[in-house]
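Some notes on the structure that comes next.
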Amino acid sequence: VRCAESWAKDVHQQMADLRAFLAEDDKPATDEGVAQADDASKGLGDLKTPLLDSGGLALAEGIAKAAWQLEDALKDQLVQAYPSNLQARKLYFEAAEAEVDYRRALGIIVLLTIFETPAWCNQVDFSTFADPHDRCRIHRPGGQLVPQEHVLLSDIPYLPPLLGLIVEVLCLLFITRKILLERKLQVFYFKPLQQEYYSIFIIRFGLLMVALEVIDMLVFVVFQPRWRIAFVARTGFLMLLPPVRGLFSCILAVIFEFFSIAAFLVLAIVLFAWIAVTVFDDLTQKVADTGKQVNAGFEGFSESVYTMFVAGSTDEFVELLLPTYTMYRPSGLLWLSFLVIVQVLLLNLVLDTLVAAYRAYTEEKGLEIVETKLKGINQAFETLCDASSSNGSLSKELFLEFVRELGSSPRMREIPEEITDVVFAAVDEDESGLVDKDEFMTLCGAIEYEFWTVTVDSPVKVVFPSLWKHPLFVRFRQAVEDEHFDTFMDYVLLLNLILVVVESIYDLNGWSEMPVMEHLELSFSCVYVTEVGLWLCVLSWSHYWSFRSNQFDFVTTWLLLASSILDELVSTLAPDADDAEAVDSGGFANFSSNATAGSQGHNPLRALRKAPSVKRYVNMLRLLRLLRVIKKIKRIPRVQFMVQTMATMVKKSKDIFTLLGVVIFFFVTLSVQLWGGMLYRTDPRLEELDYTEKDFFVMNFNDVLMALGVWVVMLLCSYVPAVAEAIYAVTEWPGRISVLVFPLFYFAGVCIVFKLVKAFTIEVFVELNEHRKKPSGVFLGNKALESVAATYRMNGEYLHIRVVGDLTVHEQLMEVRRKMHKAESRKRRRVLVRQLSPCSFRTMTSQFSGSVEDD
């Protein structure tokens, strides 16, 4: 009775609220309200009103807005209001397409930076191709030309400056178009709604970079200087990429943690440098065996700081500290304490601090991304419900139309018309024919998958029906389906592996192979080709090619056959005495000359046989046989985990490696402008330096690829002092200030960005290891999708599903949804407990999940 009375009161109150609401809605509009409405809409027009206003919305516009909202949510962007004019949506499509062209233009600019003629080279032949060594000549301080063989270049062809400028202008047009379209969309459509869809600061920065590069091109054409500042604008364009901008915010979040450790690192280096220069600066004697001065590197405070920096950041501390330790053994205690504090503690603390800060940032950012996506998804669903006047669920027709609109955006992966039913089946978990709010959230996971259907059976079924129905062929098809054919091929691969090992033993010991072994390699290649043909007699090409393992087998099979045939051709003619002499003298030049002789009447196979380089390449191609064996190792669970880990790291590290590439690009292009043409052999200023003693002349900055090699070595080795010392020796004041670029790269590139890469790999591995035994996938156990797949199989087709995106965020969304449902369920049970009488409580709680004691 008490429950009935309580519920009756609640219903009575709700009816009273409803009558009051209807009475308020029926009141005539006052003059003040009408005036306020007129003022709100005056002067803005259709372009400046929200897409959904209080008066309703056409269905097409509602679908367009919902697709826009969901698309932005998937891109981690949340916007409160969208313009009502569908022209804004079309302009957005143009801006998205321009962004694709923008990325392509950036790729072309990077390639142009590699192949364009360095600015320090001779620019007289402005429009014609020329040999790089003829174009890039270096003059000694006295005016004499340096011999071409002493100037080491990357030996790639350089584009003429005029052609490079034409390509640069075309790329700038695409970049400018993208920036101006974004500005137009922001200024004319979103700014009146007080929404920042595109950052005005980023737009102005991009236009500034365009102006800077245009000015640089004009100065270069008119004055032809030996340097350019286009690298600044090009780096700025690369910094406008969303992944780079996002990771810069990550760097800003962890930079203060880094500075706290970096300050201790710098203080430790300065402290030990002061101690060292105080103790060793006046020791002028030399070490007996090596002839080096005891105080080498400690003659003054600046030299001592540099020595301590190199000793603390690289593995060259033995060479630097050895003279003092040789003459004064107690100094070993000083160096031991220095190495323990700097190399062992502080440098590792830099990585530990960045890992901790990065994990904290990613966790906070991950929660923010999940919240943004959740709000955006809810907005899109509510927009669809308002546009269609539906009551919390979407019909199949409306949902499919929404999916088509979503796939029409250039920023989204296109969803084929014939696959839309599959997407609906994947989302409609309860098979009700309607999509509710929870099921709509599954669409975010479905977008990360690729669906396609193929015909299963081979054309042999139609072309040769009698063969298809033959009992032997039926048994073979059954063996293929039961994987017995795969087992047989595994034994063939095992025999091939034994052959590879035996051939390697014969080659390493210089033994002549047995006659039976000479043609086994070609025989195995033919067996693999036959395997591919048998597969295609059972499966259609589209079904066969849909599996990555089959793609791997197909490519390696034909490469192996080509290498086996080439090996047979090379081995056809046994070399005579003249050939043996040619082989002994060896080299690619002999191959070229003999090939020319072959064109004059000699056998070209004999020319191939003379070239040891060709034989060496054939031996490398033989290793392709091991690839098929390696594929079978992937069946081992631990191997599968490591392969999955590396593949996931490559997929997820795209953004962090993009940032690292931008940093390296800046330092590479900067160094070419600063030091291009300064390092060459026979320079007397480099005679007594480690740069000459270690023959580091190939590590120079004469063009982009040569400079890239230097900075990659710097990145992996932390610091290469020989290169920095060489630059210091060949420059004069104030040009010597440019050597500060090297420690700048050490702190910015090595200590921050590269350490972040390591922190990222650690984070990914820990995450994968935690979810190692947990099943992953959005559609595990989806009965509706399994039913659709079964329907396709009945029609002789197969539904393929492949993950092409990142499911991490979607899994987090699903986890949030489960927690929300659990919390709502507990809340409903607690409300029921408060409303029910003690006598009816035990009978009513049996209808709900969970125990009474928990509640």
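The values are calculated or read from the model by the stated rules, or taken from the named source; none is laboratory data. What you see is a predicted model, and the numbers here were worked out from it, not measured in a lab. Glycine gets a Cβ as well: all are built from the backbone with ideal geometry, and neighbour counts include every protein chain shown. Only protein heavy atoms, including side chains, enter the accessible area calculation; ligands, DNA and RNA are left aside. Shrake-Rupley method; radii C 1.70, N 1.55, O 1.52, S 1.80 Å.
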Segment 413-429, residues that are touching a residue at least 40 places away in the same chain (Cβ under 8 Å) and closer than 20 Å to ALA789 by Cα: ASP421, VAL422, ALA425, ALA426, ASP428, GLU429
Contacts under 8 angstrom Cβ, first residue in segment 247-274 being over 21 Å from ASP655 (Cα atoms), partner modelled with pLDDT under 90 and outside any helix (DSSP H, G or I), 6 or more apart: none
Taking LEU112 as meeting all but one of (1) farther than 22 Å from SER671 by Cα; (2) outside any loop (DSSP other than H, G, I, E, B), write down the number of the exception. (1)
Tally, over segment 73-109, of residues that are at pLDDT below 90, open to solvent by less than 10 Å² (accessible area, probe 1.4 Å) and more than 20 Å from LEU59 (Cα to Cα): 2
Within segment 373-399, tally of residues that are in contact (Cβ under 8 Å) with a residue 12 or more places away in the chain, within 12 Å of PHE440 (Cα to Cα) and either of a type in the set (D, E, K, R) or open to solvent by 20 Å² or more (accessible area, probe 1.4 Å) (or both): 7
Residue satisfying all of: in segment 674-699; within 27 Å of LEU106 (Cβ to Cβ) and surrounded by 21 or more Cβ atoms within 10 Å (Cβ to Cβ); modelled with the highest pLDDT among these: TRP675
Out of the residues in segment 496-555 that are in a helix (DSSP H, G or I) and touching a strand residue (DSSP E or B) at 6+ places or on another chain (Cβ under 7 Å), which is surrounded by the fewest Cβ atoms within 10 Å (Cβ to Cβ)? SER542
Residues being open to solvent by 90 Å² or more (accessible area, probe 1.4 Å), under 22 Å from LEU689 (Cβ atoms) and aromatic (Phe, Trp, Tyr): count how many of those fall in segment 255-300. 0
Pull up segment 463-483, narrow it to residues that are open to solvent by 80 Å² or more (accessible area, probe 1.4 Å) and within 39 Å of the chain's Cα centre (by Cα), then point me to the one that is nearest to VAL527 (Cα to Cα). GLU483
List every residue pair whose Cβ atoms lie under 7 Å apart, where the two residues are 6 or more positions apart in sequence or sit on different chains, the first residue falls within segment 339-368 and is closer than 13 Å to LEU265 by Cβ, and the second residue, located anywhere, is open to solvent by less than 70 Å² (accessible area, probe 1.4 Å) and at pLDDT 90 or above. ILE341/ALA268; VAL342/ALA268; VAL342/ILE269; LEU346/ALA268
Might you check whether a residue that is farther than 28 Å from PHE666 by Cβ and either modelled with pLDDT under 85 or in contact with an Asp or Glu (Cβ under 6 Å, 6 or more places away or on another chain) (or both) occurs anywhere in segment 245-267? no
Please state which of the following conditions PRO410 fails to meet, knowing it meets all the rest: (1) open to solvent by 70 Å² or more (accessible area, probe 1.4 Å); (2) touching a residue at least 12 places away in the same chain (Cβ under 8 Å). (1)
Would you call LEU434 open to solvent by less than 20 Å² (accessible area, probe 1.4 Å), over 30 Å from GLY533 (Cα atoms) and not aromatic (Phe, Trp, Tyr)? no
For THR117, indicate whether it is without any contact (Cβ under 8 Å) to a residue 40 or more places away in the chain and of a type in the set (Ser, Thr, Tyr). no
Yes or no: SER304 open to solvent by less than 30 Å² (accessible area, probe 1.4 Å), among the polar types (S, T, N, Q), farther than 16 Å from PHE440 by Cα and more than 27 Å from the chain's Cα centre (by Cα)? yes
Check every one of the helices (runs of 4 or more DSSP H) wholly within segment 155-253 and list those with 2 or more residues that are among the aromatic types (Phe, Trp, Tyr) and either farther than 30 Å from ASN700 by Cα or open to solvent by less than 10 Å² (accessible area, probe 1.4 Å) (or both). 200-223
Are any residues in segment 723-755 open to solvent by 40 Å² or more (accessible area, probe 1.4 Å), closer than 19 Å to LEU689 by Cα and over 36 Å from the mean Cα position of the chain (by Cα), and if so, which ones? TYR728, GLU732, ARG736
List, please: which pairs have Cβ atoms under 6 Å, are six or more places apart or on different chains, and start with a residue in segment 737-761 that is in contact (Cβ under 8 Å) with a residue 24 or more places away in the chain and end with one that is not in a helix (DSSP H, G or I)? TYR746/TYR719; VAL750/SER718
Inside segment 461-519, the number of residues satisfying the requirement of being acidic (Asp, Glu) and at pLDDT 85 or above is 2
Scanning segment 310-321 for residues that are over 17 Å from VAL340 (Cβ atoms) and open to solvent by 20 Å² or more (accessible area, probe 1.4 Å) gives GLU316, GLU319
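Let's see how each residue does on (1) in a helix (DSSP H, G or I); (2) β-branched (Val, Ile, Thr); (3) in contact with a helix residue (DSSP H, G or I) (Cβ under 7 Å, 6 or more places away or on another chain):
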residue	(1), (2), (3)
ASN391	no, no, no
PHE399	yes, no, yes
GLU405	yes, no, yes
ARG411	no, no, yes
ILE419	yes, yes, no
VAL423	yes, yes, yes
ASP430	no, no, no
PHE440	yes, no, yes
Those residues that are of a type outside the set (A, V, I, L, M, F, W, C) and open to solvent by less than 40 Å² (accessible area, probe 1.4 Å), I need them from segment 642-657; list them, please. THR645, THR648, SER653
Kindly list the number of the only condition in (1) at pLDDT 85 or above; (2) outside any loop (DSSP other than H, G, I, E, B); (3) not small (Gly, Ala, Ser) that fails for PHE298. (2)
Of the residues GLU763, GLU853, GLU811, which single one is modelled with pLDDT under 80 and either within 30 Å of VAL422 (Cα to Cα) or in contact with a Gly (Cβ under 8 Å, 6 or more places away or on another chain) (or both)? GLU811
With respect to ASP490, determine if the residue is in contact (Cβ under 8 Å) with a residue 60 or more places away in the chain and more than 18 Å from TYR544 (Cα to Cα). yes
Only one of VAL350, VAL355, VAL318 is assigned to a helix (DSSP H, G or I), in contact with a Cys (Cβ under 8 Å, 6 or more places away or on another chain) and hydrophobic (A, V, I, L, M, F, W, C). Can you tell me which? VAL350
